[in-house]
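Below is one structure, written out as structure tokens; the observations come after it.
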Amino acid sequence: MIATSSSVAEAEAYFDAWNAHDPEAVAAAFTEDGTYTDPTVGDQPLYGSALAEHARALFTGFPDLTFEILHAQPHDNGAGGAVVARWLMRGTNTGQLRGLAPTGQRVELRGVDVITFTGGKIGSLEGFFDRQALSEQLGMPMRALPPASGPFQFGYGVRVTSGRATIPAAVSLTWVDVRSEREAEQVKLTAAAIAAEMTSEPGFIGWLGVEIGSRLYTITAWDDADAVNALMRSPTHKEAVRRFFNEDLGAAAATGVWRVHHLNPVRVRCLSCGHMTDPAASNGRCDCGRPVPESPPYW
């Protein structure tokens, strides 16, 4: 059942444009400077004609492409109306996709969009889905790591950062053990949507999502322990907790918050003499007298 609100209706209209295979209508759902990102578009968000071309390329690659909204949840992000939408994309790759020959493979891919609206149009959209699962369904598996070697297990990770150089005073950690690829996909997409919601919280510094074997981890850095309460205000987090306790989601899980005991400062290398310097303690200058690069985000 899709939640009722004006922003949810606007999200439905956006997906209708995709299902109508109308690239101009997809782009027109955004404000003039509205941005679109997903795991396939690289570091630069798309907008305007570039977004229309992105949609057109997908329609070419998947002539029968459809999106089904599985659930849409209004979210107050403090910057206007927002929606977290879980969706299911279906399509058959019978056309050329960005220069690649069609594989003929049928794709069913779940994902999450975090959509922020401004004046009835999309100001930003962050899409999340398992790029590896998409590649595997197309018959083009990404480079795989061995699952284990001796005492070591291998996996994959993803990062979200606020871009701030603030040193965290608290870290929260959650892990969930999953029993199937489908369950892992649900947990990963939900975790990514929660992380996207947290980026608008003032106490959020950064987030890591890690998959190792059948265990999925999220590790989040915060300004202080009180900032972690932002999670309790997240509708997506509330829904995930409800599903874990009241539905059959996950085999086991644990959560916790750690307060920082000791942290060393961030040091950067002087481009002139190669000396490692703490910019905060040296007013941004190396002992050699030259300015040093700005500190990168801590997390």
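The values are calculated or read from the model by the stated rules, or taken from the named source; none is laboratory data. Remember, it's a predicted structure, so these values are computed and weren't measured experimentally. Every residue, glycine among them, receives a Cβ derived from its backbone with ideal geometry; neighbour counts consider all protein chains shown. The protein model used for the area step is the full one, side chains on, heavy atoms only, and it has no ligands, DNA or RNA in it. Shrake-Rupley method; radii C 1.70, N 1.55, O 1.52, S 1.80 Å.
Tabulated data for the structure shown
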{"quantity": "Over the chain, relative contact order from alpha-carbon pairs under 8 Å, at least 6 apart, %", "calculated": "14"}
{"quantity": "Per-q log10 I(q)/I(0), segment 245-295, q = 0.15 Å⁻¹ (Debye; single scatterer per alpha-carbon; no solvent)", "calculated": "-0.53"}
{"quantity": "Sum of -39500 (n - 2.57) over DSSP H runs of 4+, divided by residues of the chain (222 nm, nearest 500)", "calculated": "-7500 deg cm²/dmol"}
{"quantity": "Nearest-20 debye value, segment 229-296 charge dipole, Cβ charges on Lys, Arg, Asp, Glu", "calculated": "140"}
{"quantity": "Partnerless cysteines, meaning none of the other Cys C-beta atoms lie under 4.7 Å away, in the chain", "calculated": "none"}
{"quantity": "Nearest-ten-degree value, helix 49-61 long axis tilted from longest Cα axis of the chain", "calculated": "60"}
{"quantity": "Heavy atoms of Met89 accessible to a 1.4 Å probe, total area in Å² rounded to 10", "calculated": "20"}
{"quantity": "Cα principal axis extents for segment 137-246, largest first, Å", "calculated": "41, 35, 29"}
{"quantity": "Longest segment of the chain lacking GluC sites (Glu not before Pro) that sit in a DSSP loop with at most 15 other Cβ atoms within 10 Å", "calculated": "1-246"}
{"quantity": "Antiparallel bridges, percent of DSSP beta bridges restricted to segment 25-148 (to nearest 5)", "calculated": "90"}
{"quantity": "Test item: Cα-centred dipole of the chain, Lys/Arg +1 and Asp/Glu -1 on Cβ, debye", "calculated": "880"}
{"quantity": "Potential extension, Gln153-Arg56 segment - 0.36 nm per residue separation minus Cα distance", "calculated": "30.9 nm"}
{"quantity": "DSSP bridge orientation in the chain - percent antiparallel, rounded to nearest 5", "calculated": "95"}
{"quantity": "Relative contact order (%) - criterion: Cα under 8 Å, at least six apart; region: segment 160-237", "calculated": "43"}
{"quantity": "Accessible area of segment 147-199 belonging to carbon and sulfur atoms, whole % at 1.4 Å probe", "calculated": "60"}
{"quantity": "Euclidean distance between Cα centres, segment 5-77 to segment 147-209, Å", "calculated": "25"}
{"quantity": "Only Lys, Arg (+1) and Asp, Glu (-1) charged, at Cβ; segment 156-224 dipole about Cα centre in debye", "calculated": "160"}
{"quantity": "Volume per residue of the C-alpha convex hull in segment 14-57, rounded to whole Å³", "calculated": "65"}
{"quantity": "Segment 8-134 - percent of accessible surface contributed by carbon and sulfur, probe 1.4 Å", "calculated": "49"}
{"quantity": "Approximate shape of the chain as ellipsoid semi-axes (Cα gyration tensor, √5λ), whole Å, largest first", "calculated": "34, 24, 22"}
{"quantity": "Tail beyond 16 Å, pair distance distribution of segment 1-112 (Cα, percent)", "calculated": "64"}
{"quantity": "Extension gain (nm, one decimal) between Asp224 and Arg243, 0.36 nm per residue minus Cα-Cα", "calculated": "4.1 nm"}
{"quantity": "FRET E, pair Glu136, Ala281, Förster distance 45 Å, beta-carbon r, rounded to 0.05", "calculated": "0.40"}
{"quantity": "Inter-site label distance for Thr103 and Ala252 at 7 Å from Cα along Cβ, in nm", "calculated": "3.4"}
{"quantity": "Potential extension, Arg182-Val266 segment - 0.36 nm per residue separation minus Cα distance", "calculated": "26.3 nm"}
{"quantity": "Rounded accessible area of His275 (nearest 10 Å², 1.4 Å probe)", "calculated": "80"}
{"quantity": "Most positive-pole-ward Cα, His75, Leu271, Phe117, against dipole of the chain from beta carbon charges", "calculated": "Leu271"}
{"quantity": "Farthest toward positive dipole pole in segment 1-160 [+1 Lys/Arg, -1 Asp/Glu at C-beta], among Phe59, Ser49, Phe15", "calculated": "Phe59"}
